[in-house]
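For reference, the structure is listed below as structure tokens.
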Amino acid sequence: MVERNIQPLSDDYIKFIRFGQHFIDKNGSGVLAYISNNSFIDGIIHRQMRKHLLECFDTIYILDLHGNARKKEVCPDGSADQNVFDIMQGVSINICVKTGQKKKNELGRVFQYDLQGKRDLKYEYLNENKLKSINWKKLDCIKPNYFFVEKNNDDLKLFESYIDLRFLFTINSMGIATGNDDELVSIDKINIENKYSKATKFYYRPFDIRYTIFDNNILQRARFKLMNNYVLGENLGLNIVRQSKQKGIEVLISNNLSNRDFITNHTYNFPLYLYPETTGQQIIGQSIERAPNLSTEIVKQLADKLGLTFTNEQETTKDTFAPIDILDYIYAVLHSPTYREKYKEFLKIDFPRIPYPKDQDTFWKLVKLGGELRQIHLLESPVVENYITSYPMHGKNQVDKIKYEDQKVWINESQYFNKVPLIAWQFYRWLSASSEMVER
């Protein structure tokens, strides 16, 4: 898999590790020791880095100090996990040893230890222990990822045998980057049309639909080839975060243009259909035939497993299934608590993969659930009109300091939304965290 975004490899700490490795390679032996950002130990973009370290060094020790506030890390028992430096990014102590005795094609050994808890506990442990006194775990660093963290390789093999969405949806990319949200994005359609010719609906943040101008010459990254498929006709798209760092939803449906920062920064868009590119003015009444943005090979595998016939558009014919059914099946799987819990470690490092349906009955049950959820998230279901909350107090409606208390979300000293379930408030808190990540 060719990486599209290699910017994380430009981080200074990676350059320093490579710089140190260069001199040890040149000398033939030595010890490279750093305390650094720990993203390289399991980041998917860093897999070749890990491979080269294994090729160079005989033995690598990774003392993972965790403390990643961006990932909302906690200890296994749910207690606080603090950073040793009081920073957002998790860190690790890395000791790499080269004796010069390892065979040329042999990979080095990796020993790892997790140290989590409060900062003082970590300081105390580090003061009291030495390399030989730590209860290291020897890792099986298998290709292609060569993780420097403990993984259940059986579950990983199973996960990797599932459908890779990047291959199922033949065209996909990150969403639109306007380059100037203040100027080019507005809640009010008129604000955009007063400056430009035509405004288009734009999924800016979760459940936050705004307007922008869809122009390749104005937007910084219009992703025109992909996003034009939402302008030329009706369409649906999956919006997915490649590395799921939050506990909340990190996949959402859309039916129009979507932002690169729609869910969090670097949200990818997978359209369901592709429309032929127009070369001139369309004749009135002329229909544009769309084609599924789906791999014919994978669709055939699904059809064979299910004993169904695939059709480009949904039909009432018995024993057929269509692109929308595949989308709804995927949507149900990705929102399944069981799926998320079982594969949470793998969902943190790469795009989700979708298991093949066991049988027709399971497939159609999940299609139904996924379809209902899709309509709710697009605000098309009548369910969204069944309000359980109220806004009882009149006032200026000015948002000051927000707080949650006794099922009330206070926006100022006198006004609040009443009967807000805790789960809804926590979902909002996740959105806030996502927005903060984008702003940073």
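The values are calculated or read from the model by the stated rules, or taken from the named source; none is laboratory data. Since the structure is predicted, the reported quantities are computational estimates derived from the model, not experimental observations. Quick reminder, even Gly has a Cβ in these numbers, built from the backbone with ideal geometry, and neighbours come from all protein chains shown. Heavy atoms of the whole protein, side chains included, go into the accessibility calculation; ligands, DNA and RNA do not. Shrake-Rupley method; radii C 1.70, N 1.55, O 1.52, S 1.80 Å.
Just a few scattered comments:
- Distance between the pseudo-spin-label points of residue 152 and residue 315 (7 Å out from Cα toward the beta carbon): 4.1 nm.
- DSSP bridge analysis restricted to the chain gives an antiparallel fraction near 80%, rounded to the nearest 5.
- Cβ crowding within 10 Å averaged over residues, with 47-56, 187-196 ranked highest first: 47-56, 187-196
- Efficiency of FRET from Cβ geometry, residue 232 and residue 195, R₀ 25 Å, rounded to 0.05: 0.55
- Placing +1 on the Cβ of every Lys and Arg and -1 on the Cβ of every Asp and Glu, with nothing else charged, gives the chain a dipole about its Cα centre of roughly 1180 debye.
- Take the Cα of residue 140, step 7 Å toward its Cβ, do the same at residue 114, and the gap between the two points is 1.8 nm.
- Peptides ranked, highest mean first, by Cβ atoms within 10 Å: ranges 386-394, 292-300: 292-300, 386-394
- The angle between the Cα long axis of helix 296-306 and the longest principal axis of the Cα atoms of the chain comes to about 80 degrees, rounded to the nearest 10.
- For the chain, the longest principal axis of the alpha carbon atoms and the long axis of helix 47-56 meet at an angle near 10°.
- Accessible surface of the chain, 1.4 Å probe, proportion on carbon and sulfur as whole %: 50 percent
- Restriction of the trypsin sites (Lys or Arg not before Pro) in the stretch 322-410 to DSSP coil positions whose beta-carbon has at most 12 other beta-carbons within 10 angstrom yields 358, 396, 401.
- Given their separation in residues at 0.36 nm each and the Cα-Cα distance between them, residue 277 and residue 161 gain 38.3 nm when the chain is fully extended.
- Span from the the stretch 316-363 Cα centroid across to the the stretch 12-86 one, whole angstrom: 34 Å
- Value of [θ]222 nm, deg cm²/dmol, for the chain, DSSP H segments ≥ 4, -39500 (n - 2.57) each, nearest 500: -9000 deg cm²/dmol
- Per-selection metrics, the chain (Cα): Rg and Dmax in Å: 25.1, 79
- Contour excess over end-to-end distance, with Cα ends at residue 48 and residue 412 and 0.36 nm allotted per residue: 125.9 nm
- C-alpha long axis of helix 12-27 to longest principal axis of the chain, angle in °: 40 degrees
- When only alpha carbons are used to place a centre, the stretch 366-398 and the stretch 110-176 end up 38 Å from one another.
- Expressed to the nearest 5 percent, the antiparallel share of DSSP beta bridges inside the stretch 1-121 is 75 percent.
- Formal net charge of residues neighbouring residue 153 (Cβ-Cβ distance under 11 Å; K, R +1; D, E -1): -3
- For the stretch 165-225, with +1 on Lys and Arg beta carbons and -1 on Asp and Glu, the positive-most of 200, 178, 165 along the dipole: 165
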